[in-house]
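Structure first, then comments.
The values are calculated or read from the model by the stated rules, or taken from the named source; none is laboratory data. Every value quoted in this text rests on a predicted model; they were computed, and no experiment measured them. Cβ placement follows ideal geometry from the backbone for every residue including glycine, while neighbour counts extend to all protein chains displayed. Just so you know, the surface numbers come from the protein's heavy atoms only, side chains and all, with ligands and any DNA or RNA stripped out. Shrake-Rupley method; radii C 1.70, N 1.55, O 1.52, S 1.80 Å.
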Amino acid sequence: MNRSSLAWISWKLLNSKKTMFGGSAPLALFGLILGVASLVVSMAVMSGFETTLQTAMTDVSGSVQVVKRSRFPDDWKELEERIRKAEPSLVSSTRFVFVEGIMAHNGQISGVLLEGIDKDRVNQTLNLESRVKEGSADLNAPSDVPLALIGSGLAKKMGLKIGDEFRVVLPIADLTDPSNFKRKVGTFKLQGVVELGKFEWNERFIMIDLNVAQEVAAIGDRYTGLMLKFDDAEYARKASYNLSQVLGAPYWVRDWRDSNENLFDAVAIQRPAIFFVVSVIIFVAAFNISSTLFVNVVQRFKDIAILKTVGLSRKDVIKIFTFQGLILGAIGLAGGFILGLILCVLFVWAQGRLGLISGAVYRLENIEISIRFMDTIAICVATMLICFIATLAPARRGANLNPMEGLRNE
């Protein structure tokens, strides 16, 4: 008998109030739906964590950073030309400099990290515009006071609003005696509040024009390094390795993953572990499906006996009950994905309202949900395989039924 006919018989034997809506079948399906939904949500959160962290790194610090080991000034255009010659796929680059200081405002103080960025080239390399929560990321706007962008956490902690002025105190080393420091105060005007992605960045970062940072810190034309942009984040890792070989010891080259290697490695290790742990729910549900099919075999003794009497082979009977298990698996899989998507939407909503993610612990305060194609395939294959295995025992039980015994029992 062909498969379509066997599938139709399988559905007719399964689709009854006594089988589908009675006994343990509803509980088995509910357990399977919960298991699949749990897998969908857990994989979406793990993938989302990785994607969110990667996006934050490339948006705020570029695909690759080339940091100078020497403090002596050099021609950054010459360095950029060397980089472009080694990596023609380079999209753009911009200089940056880091200076530590103390921010003071309304009687409060906080340790901060001033980042000077080239305001004329930053938008070609970084994606700050998409991360602005309040105000604007335009540091070229006309103003008597140097403009600044600050992290959302720092703005909240210091009670700053757009247009407010604040001061940053910088320690300036004495050229004649490095053990002594002079104090220099810079005054800035808040132009925009930025969600930088990482908790420590939101709590400490202040972004200002590169020239202003060099002037306030009294470092002349010196800079920390170059931030580079590549269209492909994965290729940026290869480019980083290549540049480290070409530029040599005077420069330290790192890509978007290097500064958070431990977090990315943790996600890579935990992903399969969580997948197998959560799959236990599906295993338990599969045992319930197996018991449901055993009950169905007992209830269908007469039907099985009649089918075998009219010529249905043992192999065909196995296929019938295997189809039943796969049908239940497909229903549970579809229901699980629907419930999982609903839970993902609720998770995103709850993040903004209830603060589910602690930035101090997870380094991120908000996680974007990401459902990857390969995760979806893995969930589908695992679910259907488990359901298939669960059908083998009841299918063999039904196939071994003696037609005379089945008719006699009726």
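The range 25-75 has equivalent-ellipsoid semi-axes of 49, 7, 5 Å, by the square roots of 5 times the alpha carbon gyration tensor eigenvalues, sorted largest first. Phi angles across the range 202-217 convert, under the Karplus curve 6.51 cos²θ - 1.76 cosθ + 1.60 with θ = phi - 60°, into 3J(HN,Hα) values of 4, 8, 10, 6, 10, 10, 9, 5, 4, 4, 5, 5, 5, 5, 5, 7 Hz, Gly and Pro given as x. For the range 126-252, with all protein chains in place and a probe radius of 1.4 Å, 50% of the accessible heavy-atom surface sits on carbon or sulfur.
Given a cut-off of 21 Å, name the pairs among 119/229; 77/119; 119/157; 157/198; 133/157 whose C-alpha atoms lie farther apart than that in the structure shown. Walk me through the numbers on the way to the answer.
Details: 119/229 16 Å; 77/119 16 Å; 119/157 26 Å; 157/198 16 Å; 133/157 15 Å.
The answer is 119/157.
Calculate, for residue 348 and residue 267, the FRET efficiency according to 1/(1 + (r/R0)^6) with r their C-beta to C-beta distance and R0 30 Å; round to the nearest 0.05. Intermediate results must be reported in sequence, preceding the final value.
Details: r = 19 Å, r/R0 = 0.63.
The value I calculate is 0.95.
Considered as an equivalent ellipsoid built on the Cα gyration tensor, the range 134-218 has semi-axes of 25, 15, 11 Å, the largest given first.
From largest to smallest, what semi-axes in whole angstrom does the range 17-139 give when each is the square root of 5 times an eigenvalue of its alpha carbon gyration tensor?
Working: eigenvalues 505, 102, 35 Å².
In descending order, the three semi-axes are 50, 23, 13 Å.
Using packing as a proxy for protection, rank 128-139, 30-41 so that the peptide with the highest average count of other Cβ atoms within 10 Å comes first.
On the way: 128-139: 17.0, 30-41: 22.9.
In descending order of packing, they fall as 30-41, 128-139.
Using a probe of 1.4 angstrom and keeping all protein chains present, the accessible surface of the range 88-176 works out to 49 square angstrom per residue.
Compute the length gained on full extension between residue 341 and residue 121: take 0.36 nm times their separation in residues and subtract their Cα-Cα distance, giving the result in nm to one decimal. Please list the in-between numbers first.
Numbers: separation 220, 0.36 × 220 = 79.20 nm, distance 4.00 nm.
Extra length available between residue 341 and residue 121 comes to 75.2 nm.
Ranked highest first by the average count of other Cβ atoms within 10 Å around their residues, in what order do 114-127, 85-98 fall? Before the final figure, lay out each step's value.
Numbers: 114-127: 20.0, 85-98: 16.9.
Ranking the peptides 114-127, 85-98 by packing returns 114-127, 85-98.
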